[in-house]
1. Restricting attention to segment 191-218, and to residues there that are among the β-branched types (Val, Ile, Thr) and in contact (Cβ under 8 Å) with a residue 24 or more places away in the chain, which single residue is surrounded by the fewest Cβ atoms within 10 Å (Cβ to Cβ)?
2. Looking only at residues in segment 54-92 that are surrounded by fewer than 12 Cβ atoms within 10 Å (Cβ to Cβ) and among the polar types (S, T, N, Q), which one is farthest from the chain's Cα centre (by Cα)?
3. Identify the single condition in (1) in contact with a strand residue (DSSP E or B) (Cβ under 9 Å, 6 or more places away or on another chain); (2) buried (at least 23 other Cβ atoms within 10 Å of the Cβ); (3) not basic (Lys, Arg) that Gly253 does not satisfy, given that it satisfies every other one.
4. Give me the residue from segment 521-549 that is out of contact with any Ser or Thr (no Cβ under 7 Å at 6 or more places or on another chain) and of a type in the set (A, V, I, L, M, F, W, C) and, out of that set, surrounded by the fewest Cβ atoms within 10 Å (Cβ to Cβ).
5. Of all residues in segment 219-244, count the ones that are closer than 27 Å to Leu94 by Cβ, outside any loop (DSSP other than H, G, I, E, B) and either aromatic (Phe, Trp, Tyr) or in contact (Cβ under 8 Å) with a residue 40 or more places away in the chain (or both).
6. Before we move on, is Ile398 surrounded by 15 or more Cβ atoms within 10 Å (Cβ to Cβ) and assigned to a strand (DSSP E or B)?
7. Among the residues of segment 493-513, which ones are at pLDDT 90 or above and outside any helix (DSSP H, G or I)?
8. What pairs come out if I take residues in segment 319-335 that are in contact (Cβ under 8 Å) with a residue 40 or more places away in the chain and assigned by TED's automatic domain parsing to the domain that holds Lys441 and pair them with residues that are among the aliphatic types (A, V, I, L, M) and assigned to a loop (DSSP other than H, G, I, E, B) whose C-beta lies under 9 Å away, six or more apart or interchain?
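The values are calculated or read from the model by the stated rules, or taken from the named source; none is laboratory data. Everything quoted here is computed from the prediction, not taken from an experiment. Don't worry about glycine lacking a Cβ; one is built from the backbone with ideal geometry, like all the others, and counts go over all protein chains shown.
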Amino acid sequence: MLARYRGKTLCPDCEGLRLRTEARYVLVGGKSLTDLMKMPVSELEPWFKELPDKLNPFDREASKQLLVEISSRLRFLREVGLSYLTLNRLASSLSGGESQRINLAKSLGSSLVGSLYILDEPSIGLHMRDTAQLIRVLKELRDLGNTVVVVEHDEEIMRAADCIIDIGPEAGRRGGKVAAIAENKDGEIIATAQLEHSYTLDFLMGKERIPVPKYRRPWNNYIEVVGALENNLKNLNVRFPLNVMTVVTGVSGSGKSSLVSKVLYPALKKYYGGTADRTGDFGSLRGSLSRMTDIEFVDQNPLSKSSRSNAVTYLKAYDEIRKLYAEQQLSKQMGYTAAHFSFNTPGGRCEECQGEGTITVEMQFMADLVLECEHCHGQRFSADVLEVRFFGKNIFDILEMTVNQALEFFGNPIEYCKNEGADSGRDLTKDETLLCKKIVKRLKPLQDVGIGYVKLGQSSSTLSGGESQRVKLASFLAGESQQPTIFVFDEPTTGLHYHDIAVLLKALNALIEKGHTVIIIEHNPAIIMAADHVIDLGPEGGSEGGHIVFEGTPEALMKCKGSYTGKYLAGN
């Protein structure tokens, strides 16, 4: 709480250089360590190449191996497109794409031979131009004699691969199989084994595409940020249209997050009476501010720190499920209320594991052991509570269902029983029918955003960033409030296949149809082409970024010669 009232200021002794005076007296080639830390990689690399000529024979010999290692690391930073960064740049001020590429340069800088590199979605946060640089680095690693395995959805990386293994065919319980294997033969993707239906091959071979809207939504009202100066932004005046989909794009480090996350969001959140972190430097807000009532930032942070939190509790669908089980005849006989079917409060939950289903054994010098609870055998509730059933299913059975299964079950329990070969034995009461409709209404948005494969009881801590973001989106789609709101999404396609992106776009368009406004920070070409308005920042990253390269429709962007984004969109 105190952090809200504290600020940072420059140290008066070292003036931000971070080293004491004596350390700054040590010079190599006429420069101190702090001088080097303030230089961008583009200047440091040639400086270190020329350094041996400035050293005496003893120092030159002593530094020979060190200079090889330093030059190698600087070269990798340049090759992954980070030549504009200075070495003293704070990690907290880096964009997601910059952080990803620094980690990559760190791994690749060792230049091992005969090794297996496994990379998990290295394209996260990368612009299409930066992805092309990444592909060159990966191919260089392969050509050195290494094996490179990449878990990836990005189309360009898939097309550059020698071999593609597609896992599917669907997600969750309908996945887990090798759907297809394909090879790249002279730039053409050819399926060598088709075992299941493959959405990946459909997209790569052009059989399936994310449709481009036939028209762009017109707009008149907007909110304008005047004089944005945060980080590398160059005194920008930017208009964000209302009631349409706006995509903010540009190469990594061009200032997208600075503009949207550091300036627009906190400034508007405070304007609408909410609380937010420090607002970045800017002049003023103007435009149709009164047409909106709030702004929400839908990020990829976990839904909750609690291990008991899950998607259905987040959407409050579990409240209705608990009420439904409290309505059952056995519950009324035993005096069970809705609270008895909660794993967060004492009563009906297993007190041995406190509703977790597992027991964590802390180990001193090893990773903690997570064991199934011996008392409830992982079922999270007491045996008495588990005897309460609704059309043959107890509360644990419900939590083990996927969202898709639960929608089938609560949509028509009698039909579901028939399909499973069981006799329903009775009809639904009026109260049960009403509660089932409420449950379906709460769960349907999870299916609409493409995560119908998630189990109802799956802990939110096990969800990926992209899944967490889509659960938050589903909560807004399920919300009763119709007050016009601005929704800001930070790279919502992270971890998403093209098939999932098509589903996501339907959900985003549903928000706009309800009268809301959507602003997306994104590099994905499918999302950019689906936008009504595009703001392209650049032209480069770092100090050479922070300018508005283009504002307008995707069609006009493709004709903009100074835009890397337009160039790659036109190529697609």
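1. Checked segment 191-218; the qualifying residue surrounded by the fewest Cβ atoms within 10 Å (Cβ to Cβ) is Val212.
2. Within segment 54-92, the match that is farthest from the chain's Cα centre (by Cα) is Asn56.
3. Going through (1) in contact with a strand residue (DSSP E or B) (Cβ under 9 Å, 6 or more places away or on another chain); (2) buried (at least 23 other Cβ atoms within 10 Å of the Cβ); (3) not basic (Lys, Arg) one by one, Gly253 breaks only (1).
4. Checked segment 521-549; the qualifying residue surrounded by the fewest Cβ atoms within 10 Å (Cβ to Cβ) is Ile548.
5. 7
6. The answer is no for Ile398.
7. none
8. Matching pairs, first to second residue: Ile321/Leu456; Tyr325/Val388; Gln328/Val388; Leu330/Val388; Ser331/Val388; Met334/Val388.
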